[in-house]
Structure formats: structure tokens, C-alpha cells
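Derivation of every value follows stated rules applied to the coordinates shown; laboratory data play no part. Because the structure is a prediction, the values reported are computed rather than measured. Please note: Cβ atoms are built from the backbone with ideal geometry, for glycine as well, and neighbour counts cover all protein chains shown.
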């Protein structure tokens, strides 16, 4: 599958134990009474048009948790949530169209990833950079790759930094190619040189600063290795009003913010991206 080829490129660049973006944390299908009740609670929220609830329902249909596995209903739920600028749902719809064999539609997949990236979803921006940069989907466009990779780098996306380093060291980044990426790297290198006084820096130090890219990472931006928490712990419908899914401080999902990467289909989505989407005013759909 083409999308998996893209992920293999990412894996080769990271040289880490990153779990592939396409692989959801394994959660077994469940039709026990408790699982059905769990599903029904989320379904009741969808009736009140909650974008977050629609997205959660898409996940449940995807896994067959509390209901029969149904990919048609899953993508339908993600698409509905996407209409209201819920970036995580737009991202999930994009990945869905790129990876699910019976639903492959590269054009739609890219369209949804664009929507998510424009809404500030860093992982989507990075995937677009890979798609246009490698040409694996038949669309090679360095300008587009540069635009989206630049966005991902500004958000300090760890694997995007690895990809940019690869492009830079292989001579693909200069003043005429990957212009935005080149500007970002040049600024980082210039800041490093400025920080080291010329009087105390040897020619070797300067050469090293120009050869290595001094990426700036968030303290908590380390490789996410998902574990397998309880699904109920991650999506607790009791924490929400049945009339609205607007997130308020103190809800169970807010409490679990630091565990976003543990959600069974959160993939490698940046935690901040997910929660910025969830906290957005349009995440709750008014009548």
C-alpha cells in the first residue's frame, strides 16, 4: 500500500522505535454489555451534534467497540465532524482515505489532510510534506512539500526535523529548493553562531555549527511509544453534558491530556494539535 511506503520512509529517517502512523494501538472488538452501553452513550451525544462525539463514534465504529465494526459508518462520522473544522477528525478522514484498502482515494485523503493542516494540525502538515516530497502518490511538488514541512518545523515536529535534516544533508535544501526549510535552518545556524563568540570559536566549531542543525525541541517532545490503556479511561462520556461536547476545565478528557498518544487511534498525532482542536469553539456544533 502506497501510504505504508510513505511511513517506511519516515521510519528509516527516525531510526527509532516510533510506531507507524498507520498503526492504531490494538484494542479488541467488544460486544459485551458494558461496551454497548459505552457506545450508546456516545451515540446519544451525536444526536446533539457534538463534533467531538462524532469523532469518538467514528473511532468506535472503526474498532467495532460496542457495535459491529463498520468502516462506512466510521468514515461517515469522521467526515461529519470534519465539516465543523475539527482538525483531528479531518486528519483521521485523510489517513482513512490513504490507508483503508476498500476506500483508497488519494485525492480525498490529501484534501482532508490539507484541511487539518490549515487548522493547525502538525501531523497532517508533516504527512503532506512527505507525500509531496517523495512523490509516492504520483504528485511530486517540492514547493508544496516545502510549505507543509515548514509548518511542521515551526511546530517543532520531531520527525519533520529528521526529514528536513535528511533533505539538507543530501543537498536537496538550498536557496532555490525547499526555500522555507532553508530559511528556518539558516536562522537556527545563525543563532548558534551568534551564541558562540567568534573570539572563542575555532574554525572547527563554526564548521560543525554549519554542518549540524541545532533543532529546538519542546522538553516533552520525545518519541511517543503508545501503551494500551482502557478505552473508557480515554473517552469518558460521563464527563460531558449530553447536550454539548464543549470541553471544560476539569473534565476527564482534559485530565487525560498528557495521555493523548495512548488513545487507540490517536496514532502519532501531536498532543497539542489534538487538544487545540478539541478546545476550539467550533468543536461544539450549535443548532
Report the label-to-label distance for residue 68 and residue 170 in nanometres (one decimal), using points 7 Å from each Cα along the Cα→Cβ vector. 4.6
Ranked by how many other beta carbons lie within 10 Å on average, peptides 168-180, 51-63 from highest: 51-63, 168-180
For 118, 92, what's the fewest-to-most ordering of other Cβ within 10 Å of each Cβ? 118, 92
Here the averaged projected area of the stretch 71-127, based on the convex hull of its alpha-carbon atoms and given in nm², is 3.2
